[in-house]
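Report on the structure given below.
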Amino acid sequence: MDMKRRDFLKIAGLTAIAGIGAPTAFSRLLKGEVDGGAAYASGGEGAAADSNRVRLGMVIDVKKFNQYKGLAQKCIDACHQIHNVPDYGNKKDEIKWLWQERYENAFPEHSHYRRNEELEKMYFLVSCNHCDNPPCVRACPTQATFKMKNGIVAMDYHRCIGCRFCMAACPYGARSFNWRDPRGRSADGRPFIAHVNPDFPTRMRGVVEKCNFCVERLAEGLPPKCVEVASPVKAMIFGDLNDPNSEISRILRSRFTIQRKPALGTHPSLFYLI
Amino acid sequence: MLEKALKGSKTYWTWIAVLLGFITVGVICYIQQFNYGLGYTGMSRDVSWGVYIAQFTFLVGVAAGGVMVVLPYYLHDYKTFGRITVLGEFLAIGAVTMCLMFILADLGQPMRALNVLLHPTPNSMLFYDMIVLNGYLFLNIICGWVVLHSEYKGAPPPKWYKIFAYLSIPWAFSIHTVTAFLYAGLPGRDFWLTAVMAPRFLASAFAAGPSLLLLIAIILKRNTKFDIGEVAQNKLCTIITYAAVTNLFLVGCEFFTAYYSNIPGHMLTLDYLFWGIKEGTEVKNNLVPFMRFSMILNIIAIILMFLPQVRKDDSKLVPVLIAMFVSLWIDKGVGLVLGGFVPTPLEHITEYTPTLGEILITLGVWATGFLIITLLFKITVDVKVMREN
Ligand code: SF4
Ligand code: SF4
Ligand code: SF4
């Protein structure tokens with residue numbers, strides 16, 4: 001990883017942890033080159049477009065994932081492993097931060113007759129979109145779900161009352177609820193979390209959780225885990241959507257990407273390269 | 001005055017005992033749920049609200065329905081309802097208490113419920129719901145109690161209470177409007193995303209609440225010396241009928257918008273509720289019998305309510321009122337909340353069936369509400385009968 005990128009991640013991570021905007025830190029990177037190029041550029045809290053702030057986002061290269069079979073699953077496993085996501089072995093209690101869906105489920109409003117056959121067979125990685133205008137944050141009665149200044153939609157597991165209003169509000173089905181104790185064991189003695197990662201908190205029952213854009217890794221200057229796993233083939237690109245010189249901005253400018261349910265006005269920060 | 005609740009007939013005590021039985025079972029099941037987590041219920045990642053929130057939604061309506069007797073009395077000086085305003089207020093107390101219990105039963109972390117007040121969040125509809133529900137409970141306790149206590153003492157009620165009585169009228173509308181806004185403001189849930197949600201909630205509330213009130217009034221007439229009078233009864237019938245007609249009309253509007261526009265998102269849930277949806281080779285339709293039954297029952301009840309021979313004869317009116325109440329309960333207490341989760345945002349179809357424990361907790365909460373209503377009504381009736389003799 002080149003130095004500049006590492007710096008970027010570190011700063012992004014620090015702002016992530018501190019929860020403060022970083023116009024000063026980023027003005028260095030931006031070097032005053034603030035153009036209005038990035039649509040819906042804002043720094044969070046549903047504030048009006050503000051391209052002086054960081055807005056983290058991700059591009060998912062679907063072709064690459066379908067070219068390298070098994071890569072998506074590796075990303076999922078890595079994410080779930082480091083974040084202590086339990087596996088109950090049944091659909092009713094299921095918790096997932098990152099998973100795969102077919103085209104018609106990931107993009108239900110795009111379904112039409114005689115779709116491209118390749119598209120039919122493809123799987124799409126989906127997770128929280130870290131919406132710029134997140135309905136989950138609007139709905140949460142305790143601010144246990146909140147938007148950080150760098151655009152990450154984060155959760156406070158200790159404040160969440162488990163009302164699940166955010167789950168009803170999220171139009172992407174990105175949120176999971178701890179229907180039972182994730183630290184427990186199944187009837188035959190198998191722990192739900194196979195190997196606990198001591199560096200990340202396990203959750204208690206009765207709270208909601210979802211992808212956190214690896215805010216804990218960003219703080220250490222590391223990229224999100226899924227991005228790292230996919231990095232050998234560059235199937236995921238992570239960065240600041242508001243920085244016109246960032247790799248992600250360049251890709252968004254030059255290639256055709258789509259978002260999930262753009263009509264709802266949530267402004268997702270995840271983009272798909274088809 | 002409270003001592004009135006302690007003297008009663010054998011039927012009264014048997015009824016209390018039955019309610020206490022259900023409450024005990026409910027408490028035992030709740031302890032199990034508390035220790036295991038909400039996985040104790042049939043809810044899942046895809047259907048993340050179940051019967052608890054559905055009952056809550058329906059009962060907010062019952063609570064708001066009480067205003068249909070309070071409003072004519074205070075705003076239009078309609079004296080005939082004087083004898084039942086207190087009953088309307090006490091019914092609201094029981095219903096709001098059930099609402100609050102259902103919310104608590106549904107929380108994953110009930111011990112943290114106060115976080116809603118500790119971290120007030122004005123952009124969340126749930127925050128307003130908490131305020132209006134507790135406010136409504138408070139207003140009804142004040143109004144009901146002050147009026148009844150004055151009557152018990154044989155003195156006219158103090159003037160200041162009227163401020164609360166007037167305030168409780170718009171407040172009743174607010175509780176059900178805000179509850180509708182919980183649903184109607186969520187992007188991506190097409191079934192709920194409709195501007196007629198709040199009007200429809202109010203219409204069905206003004207049919208269901210007075211239906212229950214009238215049912216109880218007829219039971220009281222049979223078993224005690226308390227009679228709300230023929231005029232009041234007729235008036236209530238009229239209110240119920242037109243509220244139910246309005247509700248049915250709004251349901252019809254929903255059907256029109258969905259099927260004439262032919263937008264899949266708007267049709268899918270109705271398809272699921274009334275016809276069932278095919279996913280792969282499997283047909284998912286576990287709510288279809290309920291919804292069809294509810295729709296037919298509702299239409300029949302409305303037609304019968306228009307017939308004078310039904311309204312004039314209690315033995316005919318009672319089953320019609322029950323039909324009305326049950327049909328509205330299924331419509332809102334089952335279909336509306338559960339339907340919103342089908343299909344999921346990713347257009348999968350996941351069905352939900354409540355567990356036995358979940359149903360027993362639900363019955364326990366209903367029993368608690370009915371216990372409160374029974375005790376309050378018992379006191380009211382005894383005071384009124386005492387005064388009138
Ligand atoms: S995808 Fe869902 S959970 Fe994530 S920010 Fe958007 S609304 Fe919230
Ligand atoms: S479940 Fe937790 S995060 Fe979700 S809305 Fe309720 S309090 Fe907020
Ligand atoms: S960004 Fe981090 S938390 Fe989100 S899906 Fe990727 S690895 Fe998981």
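Table for the structure above
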quantity: A:Lys96 within 14 Å of chain B (Cβ to nearest Cβ), more than 25 Å from B:Tyr40 (Cα to Cα), of a type in the set (D, E, K, R) and under 15 Å from the mean Cα position of the chain (by Cα); calculated: no
quantity: Matching residues, region A:131-184, being of a type in the set (Asp, Glu) and within 10 Å of chain B (Cβ to nearest Cβ); calculated: A:Asp156, A:Asp181
quantity: Residues that are within 20 Å of B:Met130 (Cβ to Cβ) and more than 14 Å from every other protein chain (Cβ to nearest Cβ), drawn from region B:43-65; calculated: B:Gln55, B:Phe58, B:Leu59, B:Val60, B:Gly61, B:Val62, B:Ala63, B:Ala64
quantity: So A:Phe177, is it within 16 Å of ligand 2 (Cβ to nearest atom), open to solvent by less than 10 Å² (accessible area, probe 1.4 Å), in contact with a Lys or Arg (Cβ under 9 Å, 6 or more places away or on another chain) and under 30 Å from A:Lys69 (Cα atoms); calculated: yes
quantity: Flag if A:Ala106 is in contact with a strand residue (DSSP E or B) (Cβ under 8 Å, 6 or more places away or on another chain), within 14 Å of ligand 1 (Cβ to nearest atom) and closer than 16 Å to B:His348 by Cβ; calculated: yes
quantity: Qualifying residue in region B:12-27 (condition: in a helix (DSSP H, G or I) and in contact with a Phe, Trp or Tyr (Cβ under 8 Å, 6 or more places away or on another chain)); calculated: yes
quantity: Out of A:Arg185, A:Arg175, A:Arg203, sole residue that is more than 12 Å from ligand 1 (Cβ to nearest atom) and modelled with pLDDT of 95 or more; calculated: A:Arg203
quantity: Long-range neighbours under 8 Å by Cβ, at least six apart or interchain, first residue among the acidic types (Asp, Glu) within region B:118-139, second not in a loop (DSSP other than H, G, I, E, B); calculated: B:Asp129/B:Ile175; B:Asp129/B:Val178; B:Asp129/B:Thr179; B:Asp129/B:Leu182
quantity: Count of residues meeting criterion [open to solvent by 40 Å² or more (accessible area, probe 1.4 Å) and facing another protein chain (nearest Cβ under 10 Å)] in region B:25-42; calculated: 4
quantity: Where B:Thr374 falls short, out of the listed (1) away from chain A (no Cβ under 14 Å); (2) open to solvent by less than 30 Å² (accessible area, probe 1.4 Å); (3) closer than 30 Å to B:Met267 by Cβ; calculated: (3)
quantity: Every residue from region A:111-127 that is closer than 30 Å to A:Lys225 by Cα, open to solvent by less than 90 Å² (accessible area, probe 1.4 Å) and either within 14 Å of another protein chain (Cβ to nearest Cβ) or modelled with pLDDT of 85 or more (or both); calculated: A:Met122, A:Phe124, A:Leu125, A:Val126, A:Ser127
quantity: Listing of helices (runs of 4 or more DSSP H) fully contained in region B:76-171 that carry 1 or more residues being away from chain A (no Cβ under 14 Å) and surrounded by fewer than 21 Cβ atoms within 10 Å (Cβ to Cβ); calculated: B:85-106, B:125-153
quantity: Qualifying residue in region A:81-88 (condition: within 16 Å of ligand 3 (Cβ to nearest atom) and among the aliphatic types (A, V, I, L, M)); calculated: yes
quantity: Residue match in region A:96-110 (condition: in a loop (DSSP other than H, G, I, E, B), aromatic (Phe, Trp, Tyr), without any contact (Cβ under 8 Å) to a residue 40 or more places away in the chain and open to solvent by 10 Å² or more (accessible area, probe 1.4 Å)); calculated: no
quantity: Those residues of region A:215-258 which are within 16 Å of ligand 1 (Cβ to nearest atom) and over 16 Å from A:Arg55 (Cβ atoms), in sequence order; calculated: A:Cys226, A:Ile258
quantity: Test: residue in region B:344-360 that is more than 30 Å from B:Leu307 (Cβ to Cβ), open to solvent by 20 Å² or more (accessible area, probe 1.4 Å), touching a residue at least 24 places away in the same chain (Cβ under 8 Å) and more than 14 Å from every other protein chain (Cβ to nearest Cβ); calculated: yes
quantity: Filtered residue count, region A:128-172, keeping only those that are assigned to a loop (DSSP other than H, G, I, E, B), within 16 Å of ligand 3 (Cβ to nearest atom) and surrounded by 23 or more Cβ atoms within 10 Å (Cβ to Cβ); calculated: 11
quantity: First in region B:148-161 and at negative phi, second anywhere and open to solvent by 70 Å² or more (accessible area, probe 1.4 Å), Cβ under 7 Å, 6 or more apart; calculated: B:Ser150/B:Pro156; B:Glu151/B:Arg387
quantity: Selection count where residues are within 23 Å of B:Gly82 (Cβ to Cβ) and of a type in the set (S, T, N, Q), scope region B:116-144; calculated: 1
quantity: Number of the condition not met by B:Phe22 [criteria: (1) over 30 Å from B:Ala172 (Cβ atoms); (2) more than 14 Å from every other protein chain (Cβ to nearest Cβ); (3) open to solvent by 60 Å² or more (accessible area, probe 1.4 Å)]; calculated: (1)
quantity: Criterion (over 19 Å from B:Leu107 (Cβ atoms) and in a helix (DSSP H, G or I)) met by exactly one of B:Leu376, B:Leu346; calculated: B:Leu376
quantity: Selection count where residues are more than 9 Å from ligand 1 (Cβ to nearest atom) and in contact with a helix residue (DSSP H, G or I) (Cβ under 7 Å, 6 or more places away or on another chain), scope region A:140-151; calculated: 7
quantity: Residue under evaluation B:Glu282, criteria (1) charged (D, E, K, R); (2) within 26 Å of the chain's Cα centre (by Cα); (3) surrounded by fewer than 18 Cβ atoms within 10 Å (Cβ to Cβ), criterion not met; calculated: (2)
quantity: Given (1) touching a helix residue (DSSP H, G or I) at 6+ places or on another chain (Cβ under 6 Å); (2) touching a residue at least 24 places away in the same chain (Cβ under 8 Å); (3) open to solvent by 30 Å² or more (accessible area, probe 1.4 Å), index of the condition B:Met305 fails; calculated: (3)
quantity: Filtered residue count, region A:201-249, keeping only those that are within 16 Å of ligand 2 (Cβ to nearest atom), touching an Asp or Glu at 6+ places or on another chain (Cβ under 7 Å) and either in a helix (DSSP H, G or I) or open to solvent by less than 10 Å² (accessible area, probe 1.4 Å) (or both); calculated: 1
quantity: Pairs, first among the basic types (Lys, Arg) and more than 12 Å from ligand 2 (Cβ to nearest atom) in region A:123-152, second part of a loop (DSSP other than H, G, I, E, B) and open to solvent by less than 20 Å² (accessible area, probe 1.4 Å), C-beta under 8 Å, six or more apart; calculated: A:Lys147/A:Gly44; A:Lys147/A:Pro134; A:Lys149/A:Ala22; A:Lys149/A:Gly43; A:Lys149/A:Gly44; A:Lys149/A:Val54
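The values are calculated or read from the model by the stated rules, or taken from the named source; none is laboratory data. None of these values were measured; they are calculated from a predicted model. Cβ: placed from backbone, ideal geometry, glycine included. Neighbour counts: every protein chain shown. Just so you know, the surface numbers come from the protein's heavy atoms only, side chains and all, with ligands and any DNA or RNA stripped out. Shrake-Rupley method; radii C 1.70, N 1.55, O 1.52, S 1.80 Å.
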